[in-house]
1. Taking only the stretch 167-200 into account, find how many residues are among the aliphatic types (A, V, I, L, M), more than 8 Å from ligand 1 (Cβ to nearest atom) and either farther than 16 Å from residue 141 by Cβ or not in a helix (DSSP H, G or I) (or both).
2. With the structure loaded, tell me whether residue 203 is out of contact with any Pro (no Cβ under 7 Å at 6 or more places or on another chain), in contact (Cβ under 8 Å) with a residue 12 or more places away in the chain and more than 16 Å from ligand 2 (Cβ to nearest atom) or whether it fails that test.
3. When the stretch 287-333 is examined, which residues are found to be closer than 30 Å to residue 262 by Cβ, aliphatic (A, V, I, L, M) and in contact (Cβ under 8 Å) with a residue 24 or more places away in the chain?
4. Would you mind stating whether residue 419 is small (Gly, Ala, Ser), crowded, with 18+ Cβ neighbours inside 10 Å and more than 31 Å from the chain's Cα centre (by Cα)?
5. With the condition being in contact with a helix residue (DSSP H, G or I) (Cβ under 6 Å, 6 or more places away or on another chain) and buried (at least 18 other Cβ atoms within 10 Å of the Cβ), I'd like the strands (runs of 3 or more DSSP E) fully within the stretch 202-302 carrying at least 3 qualifying residues.
6. Looking at (1) in contact with a Pro (Cβ under 7 Å, 6 or more places away or on another chain); (2) at pLDDT 75 or above; (3) farther than 14 Å from residue 350 by Cβ; (4) surrounded by fewer than 20 Cβ atoms within 10 Å (Cβ to Cβ), which is the only condition residue 40 fails?
7. Read through the list (1) small (Gly, Ala, Ser); (2) surrounded by fewer than 22 Cβ atoms within 10 Å (Cβ to Cβ); (3) touching a residue at least 12 places away in the same chain (Cβ under 8 Å), then give the number of the only condition that residue 181 fails.
8. Return the residue satisfying two criteria in turn: it lies in the stretch 65-75 and is closer than 22 Å to residue 141 by Cβ and more than 16 Å from ligand 2 (Cβ to nearest atom), and of such residues it is nearest to the chain's Cα centre (by Cα).
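The values are calculated or read from the model by the stated rules, or taken from the named source; none is laboratory data. Here the structure is a predicted model, which is why all the values come from computation and not from measurement. Cβ: placed from backbone, ideal geometry, glycine included. Neighbour counts: every protein chain shown.
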Amino acid sequence: MTDYAIKMESNPNMKTIWKDCLSIIKDKVPDLTYNTWFLPIKPIELNNQNLLVEVPSSFFIEWLEERYGNIIDETIKSVIGKNAELSFIIAENKEENSTTNISNSNITQLPTLRKVENNNYYKKDEIDLSEKEETPISLLNPRYTFENFIKGENNQLARAAALAIADNPGETSFNPLFIYGGVGLGKTHLIQAIGNEILQKKSAIKVSYLSADMFTAEFVDAIQHDKVNEFSSRYKTVDVLIIDDIQFLIGKEKTQDLFFQIFNQLHQSGKQIILSSDKPPKELKGLSERLVSRFQWGLTADIQPPDLETRIAILNKKSKNYGINISHKMIEYIALNITSNIRELEGCLIKLLANSSLSNKEIDIELVKRTVKEIATNRETNITIDQITKVVCQHFKVEENAVREKNRKKEVVIARQVAMYLSKKLTAYSLKTVGLHFGGRDHSTVIHAQTTIESLMEVDPQLKESVNYLKNKIEFSI
Ligand code: ADP
Ligand code: MG
């Protein structure tokens, strides 16, 4: 019997608790989401209010964290208690790692759920605290390697610089290395690959990887416990400091000051600094000038959205890794339809796998089409009614305010109805909420707009084209 099995037996309540959580979540998410992402989660251990669950892959953690972090957080807090937290372990790694050895990324916590006061990046009671005091946080995901990182025109410079640094940390002119680019394009993967590669070659090198919000949270914790000196000296002893999503330092002046000191100290002693951001340094408004200028001392490299060939290469490689049997034609369909985000390409493969195993059917082109569509629908949850209104009003050349007022001019009425129609189609907002966004109109007005636009589209090809154009524009510009 494994350690885990023993833990489960010794805590019979845990299963009931998780069942309660699931029944709440089931009401809050679509069935497919529930079946795909929540049913495979297994409760492992409940330690005080910290629930450890097992998931099939690290991708699950990212997916859950990104889309359902709040739902999970609310749910476990309502079932377990207000200090409840969730930690994950990945199934494939569980046999190799006893619960006493969880300072690496096999256990990850949702950042939104992480409670810094207890320093839960590690499980406090199971880690040697004296060691933790000296070692800054490092949560490298072993999956993020150079080997798994597909080279493309979109990431050429960033990847080349990353490889050079992994060979000679602190000794190239790329210090700091500043990588920037949009969401899901591989920044985290690439900067973690540097850390993993260095550790693999020379395990004695101290590598610390964390995101800027974790850094901030740890700093705040240090202030509260009067341990700022210890905190900063810990970071000043690392050889390679990797900070992800540095844009999180925006507006946090005290943290910026401290980071500035650490940066200077490390840089002067020839230690390597690697940063990622969603924007180039100059566009990081709200970050102190002196930091922005230091960020430009080394090399700034961007990662762009992947071109078609790179997308196909990524899908080929990932489908092999996941053992998914899928034809070239299907890969091409996905690559042609999911264009701006590598995380979504990967998400699509996982969903295909999940959908085909749930329905017990081979993957076919119909399933591929449906899955691609689902991904697009999920993406739409980020679209706001205001964004839709803006794009629609621009297109019909009417004032945004006009659609919210009692204006009955023909072009205003059509713009309002199209905006309402698209708001229902592209977001999950209720009829009532949509109505409220358009000058407090009633839900029946929204229904009327939907049916009017639908029937007009059947008889007016020009309007149909406009609506489809607007729909694409809104979906893909966000
Ligand atoms: P970002 O940090 O830019 O938002 P991530 O590094 O988290 O993006 O990448 C999102 C997902 O896409 C990860 O699972 C990552 O492994 C994968 N990915 C990104 N770029 C590549 C690439 N060039 N080759 C293979 N996988 C990639
Ligand atoms: Mg990232």
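1. 2
2. No, not satisfied.
3. Hits for the stretch 287-333 are 287, 291, 299, 301, 303.
4. no
5. Per the criteria, 240-244, 272-277.
6. (3)
7. Residue 181 satisfies all of (1) small (Gly, Ala, Ser); (2) surrounded by fewer than 22 Cβ atoms within 10 Å (Cβ to Cβ); (3) touching a residue at least 12 places away in the same chain (Cβ under 8 Å) except (2).
8. Per the criteria, the residue is 68.
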